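Notes to accompany the following structure.
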Amino acid sequence: MINILDYILYKEHEEYISKTAIVLDKHREHEVIKDLEWYFIELPKFEKTNNIDINDIVNQWLVFINNDRRYIDMAITKNKVLKEAKVEYGYLTGEAEERRLQDLRERWEMDRISENNYCERRGEKKGEKRGRKEGKKLGEQGIIKSLFKSNMSVEEIAQRTGIKMSEILKMIK
């Protein structure tokens with residue numbers, strides 16, 4: 001477990017990185033859990049370090065975390081992941097954040113327009129279906145009226161067309 005501290009925890013030690021282990025209370029020489037280690041990194045001590053070994057990966061990350069302009073460019077040239085982290089950090093802060101928010105706004109607007117267009121198309125399809133149904137009904141109505149005018153009885157029209165007599169009477173009126 002790594003703890004990065006913005007304060008000094010161990011005033012009696014000069015090192016900015018301290019590793020601890022779980023040991024028995026009365027027998028400190030016996031480490032209880034060997035695979036579990038705690039690291040405490042004290043940034044105020046790190047800031048006071050004059051000669052930082054920039055080849056050390058931990059120091060590269062500490063330079064980045066601490067935004068130490070003296071060494072950050074060197075650290076990035078030595079650490080590919082750190083370079084990607086800097087790009088991502090730039091994306092999430094400052095002008096990059098504004099661009100990201102603008103991008104999100106534009107995407108939202110495009111989604112809204114797309115949804116409106118979808119709803120309109122769906123409405124048009126429903127309208128077309130309704131229009132066909134009404135057109136079919138009007139066409140049937142014209143045929144029924146024509147048959148009725150040619151002296152065909154309502155019963156006979158119903159028998160030949162398969163339309164209920166009550167519907168035929170509505171169409172004739």
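Worth a mention:
- Pairs where the first residue, in segment 14-27, is on the phi < 0 side of the Ramachandran plot and the second is assigned to a loop (DSSP other than H, G, I, E, B), C-beta under 8 Å, 6+ apart: TYR16/THR49; SER18/LEU9; SER18/TYR10; VAL23/GLU29; VAL23/HIS30; LEU24/HIS30
- Subset tally (residues that are closer than 23 Å to THR49 by Cα and either out of contact with any strand residue (DSSP E or B) (no Cβ under 6 Å at 6 or more places or on another chain) or basic (Lys, Arg) (or both)) for segment 11-39: 6
- Scanning segment 1-28 for residues that are at pLDDT below 85 and among the basic types (Lys, Arg) yields LYS26, ARG28.
- Residue check, GLU14 loosely packed, with under 12 Cβ neighbours inside 10 Å and assigned to a loop (DSSP other than H, G, I, E, B): yes
- Evaluation of GLY90 against (1) within 22 Å of LYS19 (Cβ to Cβ); (2) modelled with pLDDT under 85 (one fails), failing number: (1)
- Residues being β-branched (Val, Ile, Thr), within 16 Å of MET1 (Cα to Cα) and surrounded by fewer than 16 Cβ atoms within 10 Å (Cβ to Cβ) - total across segment 36-66: 1
- You will find that of ILE33, ILE113, the residue that is surrounded by 10 or more Cβ atoms within 10 Å (Cβ to Cβ) and not charged (D, E, K, R) is ILE113 and no other.
The values are calculated or read from the model by the stated rules, or taken from the named source; none is laboratory data. Everything numeric here is computed off the predicted structure, so don't read it as measured data. Positions of Cβ are backbone-derived with ideal geometry, glycine not excepted, and every protein chain shown enters the neighbour counts.
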